[in-house]
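Worksheet: one structure, shown below.
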Amino acid sequence: MSTPAVPIPEPHAQDGERHLPLVWLLAVWAALLGLTAATVVASRIDLGAMNVWIALGIATVKAVLVLLFFMHMLYERPINFVVLCTALLFVFLFIGFVLMDTGAYNHELIPDYAPEMRR
Amino acid sequence: MQATSETDRPSGEHRLPFLAHQFDTPRQQFQTGKLGMWLFLATEILMFSGLFCVYAVYRHNHPEVFVRAAQFLNWKLGALNTLVLICSSLTMAWAVHCAHCNQQRGLQAMLGLTVFLGLCFMGVKGIEYHDKWKHHLLPGVNFKPELGHAGADAQAGTPAPQAKQAGTPALQPEKKSDAWTGPEPGKPPAGLAAFQPQDSAGEPAKLPGYTHIFFGIYFVMTGLHGLHVLAGLGVIIWILRRARRGEFSSAYYAPVDLVGLYWHFVDIIWIYLFPLLYLVR
């Protein structure tokens, strides 16, 4: 955006940054609908343990699209991205360590507790 | 970039009406609000991560429960709700776009449309919850699928010889049911009877042990998400009323933008919940 005649403060400082044209929003929307169909189709194909990772991958692509364009993280100040990444880092640490912990136990100690647990 | 003479004035002797006293410029005020919103969303992510952690541990230990129990959810309704929520995210982003371009009518229309779609989402959710309630697919001690099963058969008027024996040991740990392939695609299930699989000997297969915990996870995750949708609807209605009063313009639309961030976050949570709960294979 070009600097307006009025120096400081900028009256339209609401959006000092760029703004997405409507076409982009519609394109993202179409992509989200397509990916929703993709995740349904992918769940019909039996790929064993891969299925959940494919589902999570498609969901993550959708989440990133929403984040970058609808939530305009693309044009956001870096500090907001740092806040988001900090939260996500701790989510991964949290779930990762808990899964490491739960995988470390001998589930056969309890009869019939986890009959089909993948080892 | 059109500006009214009122908002053109720099801060100082003549403060902008929407500029809080602790801020120097509208830009500073907007950026501060955004940072606050992102910090709030970070706490929201961490709160939901607790539930996703429960999900991960439970699915890790009991994959058979998830494969089986997810069949009881109606994935078509889940997919419908996904579409509804994605559309509502578009209309919300569109509303912010309208506010940015000073299109008052568009702003109000898009906010109204977002509220409508949010209500549609809750309506479908209500249908799903009612269905689970009817079939006693409830968490904890209220998980009594045998009751729902018998009730569904009584309603349909079809005899259900296996209902009793299938239902009673439902909470017992079962051996293995390789024969179970899920309900036939394309055929809408008639009550729980359609879900009742048979093993090779013609005996009905039982639900795996701990199946009720899946429904505990389902209700807590979708319930917390539903509460977020309701909260989002509340604030969007508030924003819509303010928009009707003409409080927003291209010079000031921070509340629209921040509420939009929240609404998109709620959409992202559902984007993960849909495949994780409805599309388990």
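The values are calculated or read from the model by the stated rules, or taken from the named source; none is laboratory data. Predicted model, so just to flag it, every value in this text is computed and none were measured. Backbone-built Cβ (ideal geometry, glycine too); neighbour counts: all protein chains shown.
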Counting only residues that are assigned to a helix (DSSP H, G or I) and surrounded by fewer than 20 Cβ atoms within 10 Å (Cβ to Cβ), the stretch A:41-57 contains a total of 9
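Conditions (1) polar (S, T, N, Q); (2) surrounded by fewer than 20 Cβ atoms within 10 Å (Cβ to Cβ); (3) touching a helix residue (DSSP H, G or I) at 6+ places or on another chain (Cβ under 9 Å); (4) within 13 Å of chain A (Cβ to nearest Cβ), marked per residue:
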| position | (1), (2), (3), (4) |
| --- | --- |
| B:Val229 | no, no, yes, no |
| B:Ile239 | no, no, yes, no |
| B:Arg242 | no, yes, yes, no |
| B:Ala251 | no, no, yes, yes |
| B:Leu273 | no, no, yes, yes |
| B:Tyr278 | no, no, yes, yes |
When you scan the stretch B:120-154, how many residues do you find that are modelled with pLDDT under 85, surrounded by 15 or more Cβ atoms within 10 Å (Cβ to Cβ) and among the aliphatic types (A, V, I, L, M)? 5
Any idea which residue in the stretch A:71-93 is surrounded by the most Cβ atoms within 10 Å (Cβ to Cβ), counting only those that are under 20 Å from B:Met47 (Cβ atoms) and among the β-branched types (Val, Ile, Thr)? A:Val83
When the stretch B:98-113 is examined, which residues are found to be farther than 13 Å from B:Pro255 by Cα and either in a helix (DSSP H, G or I) or within 7 Å of another protein chain (Cβ to nearest Cβ) (or both)? B:Cys98, B:Gln104, B:Arg105, B:Gly106, B:Gln108, B:Ala109, B:Met110, B:Gly112, B:Leu113
Name the residue, out of A:Ala87, A:Ala49, A:Ala42, A:Ala30, that is more than 7 Å from every other protein chain (Cβ to nearest Cβ) and at pLDDT 95 or above. A:Ala30
The stretch B:196-227, residues that are exposed (fewer than 15 other Cβ atoms within 10 Å of the Cβ), among the hydrophobic types (A, V, I, L, M, F, W, C) and at pLDDT below 70: B:Ala201
Members of the stretch B:73-91 found to be facing chain A (nearest Cβ under 9 Å) and either among the hydrophobic types (A, V, I, L, M, F, W, C) or at positive phi (or both), listed by number: B:Trp75, B:Ala79, B:Leu83, B:Ile86, B:Cys87, B:Leu90
I'm checking my understanding of the structure. Among residues of the stretch B:53-86 that are part of a loop (DSSP other than H, G, I, E, B) and within 17 Å of the chain's Cα centre (by Cα), which one is surrounded by the most Cβ atoms within 10 Å (Cβ to Cβ)? B:Leu73
Residues to consider are B:Phe66, B:Phe52, B:Phe116; find the one that is among the aromatic types (Phe, Trp, Tyr), on the phi < 0 side of the Ramachandran plot and more than 12 Å from chain A (Cβ to nearest Cβ). B:Phe116
